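The values are calculated or read from the model by the stated rules, or taken from the named source; none is laboratory data. Just so we're clear, the structure is a prediction, and the values are computed from it rather than from any experiment. Cβ: placed from backbone, ideal geometry, glycine included. Neighbour counts: every protein chain shown.
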Amino acid sequence: MQSSWIFFFTVTVFMNAEIKAVFDIGSGAVKMQIARIDEETQKIESLFCLAIPCIFSGNEIGEENLYHLEKILEQLKEEANRYQPNDFLGFATERLRKAKNGEESLAILSKRTGIKIGMIDSYEEGVLGFLTAVNENGLDPKNVVVWDIGSGSFQITCQSNDGYIVYQSPYGKGPALSLIESHEEIFLRDSLKVIPDSIRIKILANGGVVVGIGAHPKGFA
C-alpha cells in the first residue's frame, strides 16, 4: 500500500497539467528537478535539474545548518522561478530522518522558504527512485529492478502485483565506502545476501541487469 506522502506526491503531480518544482534534501546534496506533466498522457517531461552539495555531521540540525539549507533552497527556488512553476514540493531522506529534530527542522524550512517539505521513509524513497528511473528511461516497470544508492542509505526496488517490494539498507555511499576502506566490506556484502527472493528472481529474469541511480554503483559491484 502506498504511503500518504507518495499518494500525495503522485496525485498532486498527475492530476494537473502543470509545471512542478521538486526538491530532494538528501544526505549529500539538495537536488531540484523542474518537470512539465501532460494531463492526458501523464508523461513527465524533465525541464531542468540542479544539485548543490550539502553535508552535515552530528545527530541534530543546528541553526547554522538550517541557515545553510535555507540559502541553498532559496538559490534553487530562484533558478526554478525561470520556469514559472505552479507548485513547489520537497521531501527529505536519510539525513533528516536520523536527526533528532528532523521534523521540526523541516517545519521551519517550509515556513521560511514557502516550499511544502515532507519527510519520507526508506520505503517511499525506494519507490520514488524506482518511478523516476522508469520514467526517465522509458522502461517497463514490470521488468525493472532499480538500485538507488544515496549518500546515507540505499534501496533496491521492483514492482509486484500489489505494489512495490523495497529492500532497504543503511549502507549508502558514505558508510559503504568507509567499510570498504577499512576492509570490513563483508558487512556490506552480507547485507546484500538478505535481499528478498522476489527481487533476486526478477534480477535473474532480466539477465542480472539492475538499473542504478544516485551514487556511482561501481564500488558496490
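Between a residue in the stretch 53-68 that is farther than 9 Å from SER105 by Cα and any residue that is modelled with pLDDT under 90 and polar (S, T, N, Q), which pairs come within a Cβ distance under 8 Å, given they are 6 or more apart or on different chains?
Once the first residue is farther than 9 Å from SER105 by Cα and sits in the stretch 53-68, its partners that are modelled with pLDDT under 90 and polar (S, T, N, Q) give ILE55/SER27; ILE55/SER151.
Suppose we filter the stretch 19-38 for residues that are touching a helix residue (DSSP H, G or I) at 6+ places or on another chain (Cβ under 9 Å) and outside any strand (DSSP E or B); how many remain?
Looking only at that region, the number is 3.
Quick check, is ILE156 assigned to a helix (DSSP H, G or I) and at pLDDT 70 or above?
In short, no.
Is it the case, given these coordinates, that GLU64 is surrounded by 20 or more Cβ atoms within 10 Å (Cβ to Cβ), more than 13 Å from MET32 (Cβ to Cβ) and charged (D, E, K, R)?
In short, no.
If you scan the stretch 85-118, which residues turn out to be within 15 Å of the chain's Cα centre (by Cα) and not charged (D, E, K, R)?
LEU89, GLY90, PHE91, ALA92, THR93, LEU96, ILE117, GLY118
Select from the stretch 44-60 the residues that are surrounded by 13 or more Cβ atoms within 10 Å (Cβ to Cβ) and farther than 21 Å from GLY150 by Cα and list them in ascending order.
ILE44, LEU47
Specify the residue that is surrounded by the fewest Cβ atoms within 10 Å (Cβ to Cβ); the eligible residues are those in the stretch 89-143 that are among the small types (Gly, Ala, Ser) and part of a helix (DSSP H, G or I).
Looking at the filtered set, the residue picked out is ALA107.
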